[in-house]
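Participant: Quick one: structure below, then a few questions.
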Amino acid sequence: MAHVSGASRYQVTLFPEVLDEVVGHDDPVRVIDAFVDALDLAELGFSKVAAEETGRPPYAPGDLLKLYIYGYLHRIRASRRLEAETRRNVQVMWLLNRLTPAFKTIADFRKDHARAIVGVCRAFIRFCGEQSLFGAELLAIDGTKIAAVASRKQVITPAKIAKKNEAIERKIAEYLASMDEADREEPGAASVPADVTAAIEALEAQKEQLQGQARELAERGLKQLVVTEPEAKLMRTPHGHAVAYNAQIAVDAEHKLIVAFELTNEGNDQQQLHPMAVQGKTAVGADVVTVVADTGYSNGEHGELCEKDDIVAIVPRAETVNPRGKQYFSRDKFAYDSASDSWQCPAGATLSLSKISNTEKKKEYASMACGTCPLKPQCTGAARRTIVRSFYEDARAAMHRRAMADPAWMKHRREMAEHPFGTMKWLMAHPRFLVRGLLKANAELALGVLSYNLKRVINILGVPALLGALEPSSA
(Lines give C-alpha, C1' and ligand atoms only; values in the text may rest on other atoms or scores of the structure.)
Protein backbone atom coordinates (compact mmCIF):
# COMPACT_ATOMS: atom_id res chain seq x y z
CA MET A 1 0.00 0.00 0.00
CA ALA A 2 1.41 3.39 -0.96
CA HIS A 3 1.70 6.42 1.31
CA VAL A 4 -0.50 9.44 0.92
CA SER A 5 1.26 11.58 -1.65
CA GLY A 6 0.87 15.16 -2.74
CA ALA A 7 0.92 16.66 -6.21
CA SER A 8 4.23 17.21 -7.93
CA ARG A 9 5.75 20.62 -7.28
CA TYR A 10 6.41 20.83 -11.00
CA GLN A 11 2.76 20.23 -11.93
CA VAL A 12 1.15 23.25 -13.56
CA THR A 13 -1.83 24.35 -11.47
CA LEU A 14 -4.39 27.12 -11.62
CA PHE A 15 -4.56 29.11 -8.35
CA PRO A 16 -7.91 30.69 -7.42
CA GLU A 17 -8.53 33.68 -9.58
CA VAL A 18 -9.51 35.75 -6.51
CA LEU A 19 -7.28 35.78 -3.41
CA ASP A 20 -10.38 36.18 -1.27
CA GLU A 21 -11.25 32.52 -1.97
CA VAL A 22 -8.14 31.41 -0.04
CA VAL A 23 -9.28 33.05 3.22
CA GLY A 24 -12.31 31.47 4.87
CA HIS A 25 -15.36 33.57 5.63
CA ASP A 26 -14.95 32.82 9.35
CA ASP A 27 -11.21 33.54 9.43
CA PRO A 28 -10.27 35.95 12.29
CA VAL A 29 -8.12 37.93 9.87
CA ARG A 30 -11.37 39.33 8.45
CA VAL A 31 -12.12 40.83 11.88
CA ILE A 32 -8.82 42.72 11.84
CA ASP A 33 -9.64 44.05 8.38
CA ALA A 34 -13.16 45.14 9.35
CA PHE A 35 -12.08 46.70 12.64
CA VAL A 36 -9.34 48.87 11.13
CA ASP A 37 -11.60 49.89 8.23
CA ALA A 38 -14.18 51.09 10.77
CA LEU A 39 -11.68 53.42 12.53
CA ASP A 40 -11.28 57.12 11.90
CA LEU A 41 -7.51 57.00 11.52
CA ALA A 42 -7.11 60.75 11.07
CA GLU A 43 -8.98 61.45 14.31
CA LEU A 44 -6.77 58.92 16.13
CA GLY A 45 -3.68 60.81 15.00
CA PHE A 46 -2.27 58.71 12.17
CA SER A 47 -0.35 60.61 9.51
CA LYS A 48 -0.66 60.27 5.73
CA VAL A 49 -4.29 59.19 5.93
CA ALA A 50 -4.78 61.32 2.83
CA ALA A 51 -1.92 60.99 0.32
CA GLU A 52 -0.10 64.07 -0.95
CA GLU A 53 -0.70 65.25 -4.49
CA THR A 54 3.02 65.11 -5.32
CA GLY A 55 5.96 62.93 -4.37
CA ARG A 56 6.26 59.21 -3.84
CA PRO A 57 2.94 57.65 -2.75
CA PRO A 58 3.03 56.50 0.91
CA TYR A 59 1.61 53.29 2.32
CA ALA A 60 -1.86 53.70 3.77
CA PRO A 61 -1.62 53.77 7.60
CA GLY A 62 -4.54 51.35 7.81
CA ASP A 63 -2.58 48.68 5.94
CA LEU A 64 0.44 48.96 8.24
CA LEU A 65 -1.83 48.98 11.30
CA LYS A 66 -3.52 45.78 10.08
CA LEU A 67 -0.10 44.18 9.65
CA TYR A 68 0.91 45.02 13.23
CA ILE A 69 -2.35 43.80 14.76
CA TYR A 70 -2.05 40.55 12.81
CA GLY A 71 1.58 40.19 13.87
CA TYR A 72 1.00 40.73 17.60
CA LEU A 73 -2.01 38.42 17.47
CA HIS A 74 0.24 35.68 16.05
CA ARG A 75 3.36 36.34 18.19
CA ILE A 76 5.21 38.13 15.37
CA ARG A 77 6.50 41.50 16.61
CA ALA A 78 9.82 42.17 14.86
CA SER A 79 9.61 44.33 11.73
CA ARG A 80 11.90 42.02 9.72
CA ARG A 81 9.70 39.04 10.50
CA LEU A 82 6.59 41.02 9.59
CA GLU A 83 8.18 41.90 6.25
CA ALA A 84 8.86 38.20 5.65
CA GLU A 85 5.20 37.38 6.39
CA THR A 86 4.04 39.74 3.65
CA ARG A 87 5.86 37.57 1.10
CA ARG A 88 4.91 34.09 2.28
CA ASN A 89 1.73 34.27 4.40
CA VAL A 90 -1.49 34.02 2.38
CA GLN A 91 -3.54 35.64 5.18
CA VAL A 92 -1.21 38.64 5.24
CA MET A 93 -1.26 38.82 1.44
CA TRP A 94 -5.06 38.99 1.63
CA LEU A 95 -5.01 41.53 4.47
CA LEU A 96 -2.58 43.89 2.72
CA ASN A 97 -3.71 43.27 -0.86
CA ARG A 98 -0.27 41.77 -1.62
CA LEU A 99 1.64 44.83 -0.43
CA THR A 100 5.23 44.13 0.70
CA PRO A 101 6.53 47.13 2.68
CA ALA A 102 10.18 47.05 3.78
CA PHE A 103 11.02 46.35 7.41
CA LYS A 104 12.23 49.94 7.92
CA THR A 105 8.87 51.29 6.80
CA ILE A 106 7.14 48.85 9.15
CA ALA A 107 9.38 49.74 12.10
CA ASP A 108 9.04 53.50 11.53
CA PHE A 109 5.24 53.22 11.53
CA ARG A 110 5.21 51.77 15.05
CA LYS A 111 7.80 54.30 16.23
CA ASP A 112 6.05 57.34 14.74
CA HIS A 113 2.47 56.50 15.77
CA ALA A 114 2.81 55.45 19.41
CA ARG A 115 -0.04 57.63 20.72
CA ALA A 116 -2.32 56.71 17.82
CA ILE A 117 -1.75 52.97 18.40
CA VAL A 118 -2.74 53.41 22.06
CA GLY A 119 -5.88 55.14 20.80
CA VAL A 120 -6.67 52.14 18.58
CA CYS A 121 -6.64 49.82 21.60
CA ARG A 122 -8.89 52.16 23.56
CA ALA A 123 -11.23 52.31 20.53
CA PHE A 124 -11.62 48.53 20.65
CA ILE A 125 -12.35 48.72 24.38
CA ARG A 126 -15.13 51.23 23.60
CA PHE A 127 -16.43 48.87 20.92
CA CYS A 128 -16.58 46.06 23.50
CA GLY A 129 -18.62 48.33 25.75
CA GLU A 130 -21.04 49.06 22.90
CA GLN A 131 -21.50 45.31 22.49
CA SER A 132 -22.49 45.00 26.19
CA LEU A 133 -19.50 42.78 26.95
CA PHE A 134 -18.74 44.42 30.32
CA GLY A 135 -20.46 43.53 33.56
CA ALA A 136 -19.47 46.99 34.85
CA GLU A 137 -19.73 45.86 38.47
CA LEU A 138 -16.40 44.31 39.50
CA LEU A 139 -12.89 45.14 38.25
CA ALA A 140 -9.57 43.55 39.15
CA ILE A 141 -6.40 45.64 39.02
CA ASP A 142 -2.95 44.13 38.71
CA GLY A 143 0.54 44.95 37.49
CA THR A 144 3.55 43.13 36.11
CA LYS A 145 7.13 44.05 35.21
CA ILE A 146 8.12 43.79 31.53
CA ALA A 147 11.79 44.10 30.61
CA ALA A 148 12.97 47.17 28.69
CA VAL A 149 15.58 47.38 25.94
CA ALA A 150 18.54 47.84 28.28
CA SER A 151 20.99 45.82 30.31
CA ARG A 152 21.53 46.07 34.07
CA LYS A 153 25.08 47.13 33.22
CA GLN A 154 23.65 50.40 31.89
CA VAL A 155 22.27 51.38 35.31
CA ILE A 156 24.19 54.09 37.14
CA THR A 157 23.76 55.12 40.77
CA PRO A 158 25.75 57.50 43.00
CA ALA A 159 27.38 54.47 44.65
CA LYS A 160 28.35 52.94 41.29
CA ILE A 161 29.78 56.24 40.08
CA ALA A 162 31.85 56.63 43.24
CA LYS A 163 33.15 53.07 42.89
CA LYS A 164 34.10 53.60 39.23
CA ASN A 165 35.79 56.90 40.10
CA GLU A 166 37.89 55.17 42.73
CA ALA A 167 38.91 52.49 40.22
CA ILE A 168 39.91 55.14 37.66
CA GLU A 169 41.90 57.08 40.26
CA ARG A 170 43.75 53.90 41.23
CA LYS A 171 44.50 53.12 37.59
CA ILE A 172 45.80 56.61 36.92
CA ALA A 173 47.94 56.46 40.07
CA GLU A 174 49.37 53.11 38.91
CA TYR A 175 50.31 54.61 35.54
CA LEU A 176 51.97 57.61 37.16
CA ALA A 177 53.82 55.41 39.64
CA SER A 178 55.10 53.16 36.85
CA MET A 179 56.31 56.25 34.97
CA ASP A 180 58.14 57.53 38.06
CA GLU A 181 59.73 54.11 38.50
CA ALA A 182 60.85 54.12 34.87
CA ASP A 183 62.39 57.60 35.34
CA ARG A 184 64.39 56.41 38.36
CA GLU A 185 65.68 53.35 36.52
CA GLU A 186 66.48 55.28 33.30
CA PRO A 187 67.15 58.94 34.22
CA GLY A 188 68.07 59.76 30.64
CA ALA A 189 64.77 58.58 29.15
CA ALA A 190 63.47 61.00 26.55
CA SER A 191 59.71 61.27 27.28
CA VAL A 192 56.56 59.45 28.37
CA PRO A 193 55.51 56.64 25.94
CA ALA A 194 52.62 57.68 23.70
CA ASP A 195 50.46 54.67 24.64
CA VAL A 196 50.71 55.52 28.36
CA THR A 197 49.74 59.14 27.69
CA ALA A 198 46.76 57.99 25.59
CA ALA A 199 45.65 55.59 28.32
CA ILE A 200 45.75 58.33 30.96
CA GLU A 201 43.79 60.69 28.69
CA ALA A 202 41.16 58.00 28.10
CA LEU A 203 40.81 57.46 31.86
CA GLU A 204 40.50 61.20 32.44
CA ALA A 205 37.75 61.32 29.80
CA GLN A 206 35.90 58.48 31.54
CA LYS A 207 36.26 60.32 34.84
CA GLU A 208 34.80 63.49 33.32
CA GLN A 209 31.87 61.50 31.88
CA LEU A 210 31.16 59.97 35.30
CA GLN A 211 31.22 63.40 36.90
CA GLY A 212 28.70 64.58 34.33
CA GLN A 213 26.44 61.63 35.13
CA ALA A 214 26.73 62.36 38.86
CA ARG A 215 25.71 65.99 38.26
CA GLU A 216 22.72 64.85 36.20
CA LEU A 217 21.55 62.51 38.97
CA ALA A 218 21.90 65.30 41.54
CA GLU A 219 20.15 67.93 39.41
CA ARG A 220 17.21 65.63 38.62
CA GLY A 221 17.01 64.22 42.14
CA LEU A 222 17.36 60.65 40.88
CA LYS A 223 18.66 57.64 42.75
CA GLN A 224 19.33 55.72 39.53
CA LEU A 225 19.51 56.28 35.78
CA VAL A 226 19.58 53.81 32.89
CA VAL A 227 22.03 55.35 30.41
CA THR A 228 20.60 53.80 27.22
CA GLU A 229 16.93 53.84 28.37
CA PRO A 230 16.50 56.84 30.69
CA GLU A 231 12.77 56.36 31.25
CA ALA A 232 13.10 52.74 32.42
CA LYS A 233 14.24 51.76 35.91
CA LEU A 234 15.91 48.88 37.68
CA MET A 235 13.03 46.98 39.29
CA ARG A 236 12.57 43.91 41.41
CA THR A 237 10.98 41.06 39.42
CA PRO A 238 10.22 37.40 40.26
CA HIS A 239 13.45 36.54 38.43
CA GLY A 240 15.67 39.08 40.16
CA HIS A 241 16.35 42.73 39.40
CA ALA A 242 15.98 43.89 35.79
CA VAL A 243 15.65 47.12 33.84
CA ALA A 244 11.92 47.20 33.22
CA TYR A 245 8.61 49.04 33.05
CA ASN A 246 5.56 48.39 35.23
CA ALA A 247 2.49 47.43 33.17
CA GLN A 248 -0.93 48.03 34.77
CA ILE A 249 -4.32 46.63 33.74
CA ALA A 250 -7.91 46.67 34.99
CA VAL A 251 -10.01 43.64 34.04
CA ASP A 252 -13.81 43.40 33.99
CA ALA A 253 -15.24 40.33 35.72
CA GLU A 254 -17.91 39.49 33.11
CA HIS A 255 -15.70 38.17 30.29
CA LYS A 256 -12.20 38.86 31.68
CA LEU A 257 -11.70 41.67 29.15
CA ILE A 258 -9.08 44.35 29.82
CA VAL A 259 -10.89 47.68 30.15
CA ALA A 260 -7.96 49.91 31.15
CA PHE A 261 -4.19 49.77 30.85
CA GLU A 262 -1.18 52.00 31.47
CA LEU A 263 2.60 51.69 31.48
CA THR A 264 4.58 53.35 34.26
CA ASN A 265 8.19 53.43 35.38
CA GLU A 266 7.28 53.29 39.07
CA GLY A 267 8.95 50.30 40.72
CA ASN A 268 5.88 49.42 42.83
CA ASP A 269 2.08 49.71 42.65
CA GLN A 270 1.60 52.12 45.58
CA GLN A 271 0.40 55.01 43.39
CA GLN A 272 -1.64 53.04 40.84
CA LEU A 273 -4.90 52.11 42.60
CA HIS A 274 -6.92 55.28 42.08
CA PRO A 275 -5.84 56.18 38.51
CA MET A 276 -6.42 52.63 37.25
CA ALA A 277 -9.75 52.36 39.10
CA VAL A 278 -10.96 55.68 37.61
CA GLN A 279 -9.83 54.71 34.12
CA GLY A 280 -11.59 51.33 34.44
CA LYS A 281 -14.78 52.88 35.84
CA THR A 282 -14.90 55.36 32.95
CA ALA A 283 -14.31 52.62 30.39
CA VAL A 284 -17.19 50.44 31.59
CA GLY A 285 -19.52 53.43 32.03
CA ALA A 286 -20.66 52.57 35.56
CA ASP A 287 -21.88 54.98 38.23
CA VAL A 288 -20.50 52.79 41.02
CA VAL A 289 -17.93 50.03 40.66
CA THR A 290 -16.04 47.66 42.95
CA VAL A 291 -12.32 47.15 42.41
CA VAL A 292 -10.15 44.47 43.96
CA ALA A 293 -6.34 44.48 44.08
CA ASP A 294 -3.51 42.82 46.00
CA THR A 295 -1.48 44.15 48.94
CA GLY A 296 0.88 46.09 46.68
CA TYR A 297 -1.95 48.60 46.06
CA SER A 298 -2.70 49.23 49.74
CA ASN A 299 -2.65 53.02 49.96
CA GLY A 300 -4.94 54.92 52.31
CA GLU A 301 -4.85 58.16 50.33
CA HIS A 302 -5.91 56.32 47.15
CA GLY A 303 -8.60 54.49 49.14
CA GLU A 304 -10.05 57.82 50.21
CA LEU A 305 -9.92 59.15 46.64
CA CYS A 306 -11.75 56.03 45.45
CA GLU A 307 -14.52 56.58 48.00
CA LYS A 308 -15.01 60.14 46.70
CA ASP A 309 -15.32 58.81 43.13
CA ASP A 310 -17.91 56.11 44.04
CA ILE A 311 -15.38 53.29 43.79
CA VAL A 312 -15.49 50.56 46.44
CA ALA A 313 -11.88 49.44 46.84
CA ILE A 314 -11.12 45.99 48.29
CA VAL A 315 -7.40 45.82 49.05
CA PRO A 316 -5.76 43.87 51.90
CA ARG A 317 -2.76 45.40 53.58
CA ALA A 318 0.46 43.48 54.03
CA GLU A 319 1.15 41.75 57.32
CA THR A 320 2.35 44.30 59.85
CA VAL A 321 5.93 43.71 61.00
CA ASN A 322 8.27 45.71 63.20
CA PRO A 323 11.17 47.01 61.09
CA ARG A 324 13.31 47.13 64.23
CA GLY A 325 13.21 43.36 64.58
CA LYS A 326 10.92 40.37 65.10
CA GLN A 327 11.69 40.35 68.83
CA TYR A 328 9.64 43.54 69.29
CA PHE A 329 5.85 43.97 69.32
CA SER A 330 4.36 44.79 65.93
CA ARG A 331 1.86 47.63 65.60
CA ASP A 332 -1.00 45.12 65.57
CA LYS A 333 -0.42 44.65 69.31
CA PHE A 334 -1.44 48.27 69.91
CA ALA A 335 -5.12 49.31 69.96
CA TYR A 336 -6.22 52.63 68.48
CA ASP A 337 -9.04 54.67 70.03
CA SER A 338 -10.48 57.12 67.52
CA ALA A 339 -12.47 59.04 70.14
CA SER A 340 -9.36 60.12 72.07
CA ASP A 341 -6.98 59.84 69.10
CA SER A 342 -4.60 57.69 71.14
CA TRP A 343 -3.16 54.17 71.30
CA GLN A 344 -3.05 51.61 74.09
CA CYS A 345 0.07 49.46 74.30
CA PRO A 346 0.22 45.76 75.38
CA ALA A 347 1.12 46.90 78.90
CA GLY A 348 -1.99 49.08 79.15
CA ALA A 349 -0.25 52.47 78.87
CA THR A 350 -1.62 55.23 76.62
CA LEU A 351 0.37 56.64 73.71
CA SER A 352 -0.79 60.21 73.08
CA LEU A 353 -0.31 62.39 70.01
CA SER A 354 3.19 63.87 70.10
CA LYS A 355 3.85 65.13 66.57
CA ILE A 356 1.97 65.95 63.34
CA SER A 357 3.70 66.07 59.94
CA ASN A 358 1.55 67.76 57.29
CA THR A 359 4.18 67.23 54.58
CA GLU A 360 4.38 63.48 55.17
CA LYS A 361 0.67 63.21 56.05
CA LYS A 362 1.21 61.32 59.29
CA LYS A 363 0.92 61.54 63.09
CA GLU A 364 3.29 60.17 65.74
CA TYR A 365 2.24 58.89 69.17
CA ALA A 366 4.38 58.18 72.24
CA SER A 367 4.15 57.55 76.00
CA MET A 368 6.24 58.72 78.94
CA ALA A 369 5.65 55.36 80.67
CA CYS A 370 8.15 53.44 78.53
CA GLY A 371 11.09 54.00 80.92
CA THR A 372 9.55 51.97 83.76
CA CYS A 373 7.57 49.49 81.65
CA PRO A 374 8.39 45.79 82.37
CA LEU A 375 7.56 44.88 78.75
CA LYS A 376 10.00 47.42 77.27
CA PRO A 377 12.57 44.72 76.23
CA GLN A 378 9.80 43.21 74.08
CA CYS A 379 8.69 46.56 72.71
CA THR A 380 11.66 48.73 71.76
CA GLY A 381 15.38 49.23 72.18
CA ALA A 382 14.99 53.02 72.07
CA ALA A 383 14.11 55.31 74.94
CA ARG A 384 10.45 55.35 73.93
CA ARG A 385 8.22 53.38 71.53
CA THR A 386 6.69 55.50 68.80
CA ILE A 387 3.61 54.60 66.74
CA VAL A 388 3.06 56.29 63.38
CA ARG A 389 -0.41 56.67 61.87
CA SER A 390 -1.20 58.01 58.41
CA PHE A 391 -3.85 60.69 57.86
CA TYR A 392 -5.54 58.15 55.57
CA GLU A 393 -5.35 55.17 57.90
CA ASP A 394 -9.14 54.87 58.22
CA ALA A 395 -9.58 54.49 54.44
CA ARG A 396 -6.77 51.94 54.30
CA ALA A 397 -8.29 49.97 57.18
CA ALA A 398 -11.71 50.02 55.46
CA MET A 399 -10.20 48.48 52.29
CA HIS A 400 -8.51 45.82 54.42
CA ARG A 401 -11.71 44.96 56.33
CA ARG A 402 -13.60 44.43 53.08
CA ALA A 403 -10.89 42.07 51.84
CA MET A 404 -10.83 40.10 55.09
CA ALA A 405 -14.63 39.87 55.30
CA ASP A 406 -14.72 37.39 52.40
CA PRO A 407 -11.58 35.44 51.31
CA ALA A 408 -13.26 34.83 47.92
CA TRP A 409 -12.32 38.38 46.86
CA MET A 410 -8.65 37.50 46.48
CA LYS A 411 -9.57 34.31 44.63
CA HIS A 412 -11.64 36.37 42.18
CA ARG A 413 -8.75 38.78 41.74
CA ARG A 414 -6.33 36.00 40.78
CA GLU A 415 -8.77 34.45 38.32
CA MET A 416 -9.51 37.78 36.67
CA ALA A 417 -6.19 39.62 36.53
CA GLU A 418 -3.41 37.06 36.36
CA HIS A 419 -4.74 35.12 33.36
CA PRO A 420 -4.62 38.15 30.99
CA PHE A 421 -0.99 38.85 31.82
CA GLY A 422 -0.11 35.20 31.21
CA THR A 423 -1.77 35.31 27.78
CA MET A 424 -0.20 38.65 26.88
CA LYS A 425 3.30 37.47 27.79
CA TRP A 426 2.73 34.32 25.73
CA LEU A 427 1.68 36.51 22.79
CA MET A 428 4.85 38.56 23.26
CA ALA A 429 6.82 35.29 22.90
CA HIS A 430 9.83 36.77 24.70
CA PRO A 431 8.39 39.19 27.27
CA ARG A 432 10.58 42.18 26.49
CA PHE A 433 9.74 45.43 24.76
CA LEU A 434 11.36 45.99 21.38
CA VAL A 435 11.29 49.80 21.40
CA ARG A 436 12.83 52.42 23.67
CA GLY A 437 11.03 55.04 25.73
CA LEU A 438 7.91 54.98 27.89
CA LEU A 439 5.59 56.28 25.15
CA LYS A 440 6.68 53.77 22.52
CA ALA A 441 6.75 50.88 25.00
CA ASN A 442 3.19 51.83 25.99
CA ALA A 443 2.20 51.44 22.33
CA GLU A 444 3.62 47.92 22.40
CA LEU A 445 1.63 47.22 25.56
CA ALA A 446 -1.47 48.55 23.77
CA LEU A 447 -0.92 46.12 20.89
CA GLY A 448 -0.62 43.30 23.42
CA VAL A 449 -3.84 44.35 25.18
CA LEU A 450 -5.63 44.68 21.84
CA SER A 451 -4.48 41.20 20.79
CA TYR A 452 -5.67 39.68 24.07
CA ASN A 453 -9.07 41.42 23.91
CA LEU A 454 -9.46 40.52 20.23
CA LYS A 455 -8.87 36.82 20.94
CA ARG A 456 -11.36 36.91 23.81
CA VAL A 457 -14.09 38.68 21.83
CA ILE A 458 -13.69 36.34 18.83
CA ASN A 459 -14.14 33.38 21.21
CA ILE A 460 -17.16 35.02 22.87
CA LEU A 461 -19.09 36.32 19.86
CA GLY A 462 -17.63 34.36 16.96
CA VAL A 463 -16.31 35.82 13.71
CA PRO A 464 -19.66 36.16 11.82
CA ALA A 465 -21.35 38.07 14.66
CA LEU A 466 -18.31 40.25 15.16
CA LEU A 467 -18.13 41.10 11.47
CA GLY A 468 -21.82 42.01 11.56
CA ALA A 469 -21.23 44.33 14.54
CA LEU A 470 -18.33 46.01 12.75
CA GLU A 471 -20.28 46.80 9.59
CA PRO A 472 -20.71 50.56 9.06
CA SER A 473 -24.49 50.22 8.96
CA SER A 474 -24.52 48.79 12.48
CA ALA A 475 -22.53 51.70 13.96
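The values are calculated or read from the model by the stated rules, or taken from the named source; none is laboratory data. Everything numeric in this text was worked out from a predicted model, so none of it was measured. Here the Cβ is made from the backbone with ideal geometry for all residues, glycine too, and neighbour counts use every protein chain on show. Calculation scope for accessible area: heavy atoms of the full protein, side chains included, ligands and nucleic acids excluded. Shrake-Rupley method; radii C 1.70, N 1.55, O 1.52, S 1.80 Å.
Participant: If you roll a 1.4 angstrom probe over the protein chains with everything in place, what fraction of the accessible area of segment 53-125 belongs to carbon and sulfur, to the nearest %? Mind dumping the intermediate values first?
Facilitator: Working: 1640 of 3340 Å².
In segment 53-125, the share of accessible area belonging to carbon and sulfur is 49 percent.
Participant: Still on this model: Near the amide H of LYS233, under 5 Å away, which other amide H atoms are found, from residues 5 or more places off or on another chain, if H is placed in the peptide plane?
Facilitator: Answer set, sorted by chain and number: ALA244.
Participant: Exceeding 24 Å between C-alpha atoms, which entries from my cross-link table qualify? They are LYS333/LYS376; LYS361/LYS411; LYS233/LYS455.
Facilitator: Values: LYS333/LYS376 13 Å; LYS361/LYS411 33 Å; LYS233/LYS455 31 Å.
Where the Cα-Cα span goes over 24 Å, the pairs concerned are LYS361/LYS411; LYS233/LYS455.
Participant: Taking the solvent-accessible surface of protein heavy atoms with a 1.4 Å probe, what is the per residue accessible area of the chain in Å²?
Facilitator: Numbers: 26280 Å² over 475 residues.
On a per-residue basis, the chain sits at 55 Å².
Participant: What FRET efficiency comes out for the pair GLU216/VAL90, r = Cβ-Cβ distance, R0 = 51 Å, nearest 0.05?
Facilitator: Numbers: r = 52 Å, r/R0 = 1.02.
Efficiency, from the Cβ-Cβ distance: 0.50.
Participant: Specify whether the C-alpha gyration tensor of segment 352-392 places it in the rounded, prolate or oblate class, a ≥ b ≥ c being the square roots of the eigenvalues: rounded for a/c under 1.5, otherwise prolate if a/b is larger than b/c and oblate if not.
Facilitator: Numbers: a/c = 3.29, a/b = 2.57, b/c = 1.28.
It comes out prolate by the Cα gyration axes.
Participant: Roughly how many nanometres apart are two label points built 7 Å out from the Cα toward the Cβ at VAL12 and ALA78?
Facilitator: 4.0
Participant: Order of 356-363, 212-219 by packing, highest average Cβ count within 10 Å first? Display every interim value, and only then the final one.
Facilitator: On the way: 356-363: 11.1, 212-219: 13.0.
Ranked by mean Cβ neighbours within 10 Å, highest first: 212-219, 356-363.
Participant: Separate question: Among [x] 39, 24, 21; [y] 51, 42, 19; [z] 48, 28, 17, only one was calculated for this model; which label is it, if the read-out is semi-axes √(5λ) of the Cα gyration tensor in Å?
Facilitator: Structure-derived value, by its label: [y].
Participant: Show me, for segment 377-389, the HN-Hα J-couplings you get by feeding each phi into the Karplus relation (A = 6.51, B = -1.76, C = 1.60, θ = phi - 60°), rounded to Hz, glycine and proline as x.
Facilitator: x, 8, 10, 7, x, 8, 5, 9, 8, 10, 10, 10, 10
Participant: Let me ask you something else. What does the highest-first list of 452-461, 236-245 look like by mean Cβ count within 10 Å?
Facilitator: Numbers: 452-461: 18.5, 236-245: 15.6.
Highest to lowest by the protection proxy: 452-461, 236-245.
Participant: Which of the peptides 379-386, 322-329 is most tightly packed, and how do the rest follow, going by the mean number of other Cβ atoms within 10 Å of each residue?
Facilitator: Values: 379-386: 16.1, 322-329: 12.1.
Those peptides, ordered most packed to least, come out 379-386, 322-329.
Participant: To continue, here is another question. If each residue of separation counts as 0.36 nm, what is the full-extension length gain between GLU201 and TRP426 once their alpha-carbon separation is subtracted? Could you put the intermediate results ahead of the total?
Facilitator: Numbers: separation 225, 0.36 × 225 = 81.00 nm, distance 4.89 nm.
This chain segment gains 76.1 nm when fully extended.
Participant: By how many nm would the segment from THR282 to LEU176 lengthen if fully extended, with 0.36 nm per residue of separation less the alpha-carbon distance?
Facilitator: On the way: separation 106, 0.36 × 106 = 38.16 nm, distance 6.70 nm.
Full extension of this stretch gives 31.5 nm more.
Participant: Once amide H atoms are placed 1.01 Å from N in the peptide plane, what residues at a sequence separation of 5 or more from VAL291, or on another chain, have their amide H within under 5 Å of its amide H?
Facilitator: Placed amide hydrogens put LEU139, VAL312, ALA313, ILE314 under 5 Å from VAL291.
Participant: Which entries in LYS48/LYS281; LYS163/LYS223; LYS104/LYS207; LYS362/LYS440 show an alpha-carbon gap greater than 27 Å?
Facilitator: Values: LYS48/LYS281 34 Å; LYS163/LYS223 15 Å; LYS104/LYS207 38 Å; LYS362/LYS440 38 Å.
Table pairs above 27 Å Cα-Cα are LYS48/LYS281; LYS104/LYS207; LYS362/LYS440.
Participant: Counting helices only, and only those DSSP H runs with n ≥ 4, report the 222 nm mean residue ellipticity of the chain as the sum of -39,500 (n - 2.57) divided by its residues, in deg cm²/dmol to the nearest 500. It would help to have the intermediate numbers written out before the result.
Facilitator: Details: 17 runs with 209 residues, N = 475.
Using -39500 (n - 2.57) per qualifying helix, the result is -13500 deg cm²/dmol.
Participant: Quick one: length gained pulling VAL22 to ASP108 fully straight, 0.36 nm per residue minus the C-alpha distance? Walk me through the intermediate numbers first.
Facilitator: Values: separation 86, 0.36 × 86 = 30.96 nm, distance 3.03 nm.
Residue separation times 0.36 nm, minus the Cα-Cα distance, leaves 27.9 nm.
Participant: Please give, to one decimal in nm, the separation of the simple spin-label points placed at LYS333 and GLU208, each 7 Å out from Cα toward the Cβ.
Facilitator: Label-label distance for LYS333 and GLU208, simple model: 6.0 nm.
Participant: Still on this structure: Counting only residues 5 or more places away or on other chains, whose amide H sits under 5 Å from the amide H of LEU39 once H atoms are built in the peptide plane?
Facilitator: Sorted by chain and number, the residues that satisfy this come to none at all.
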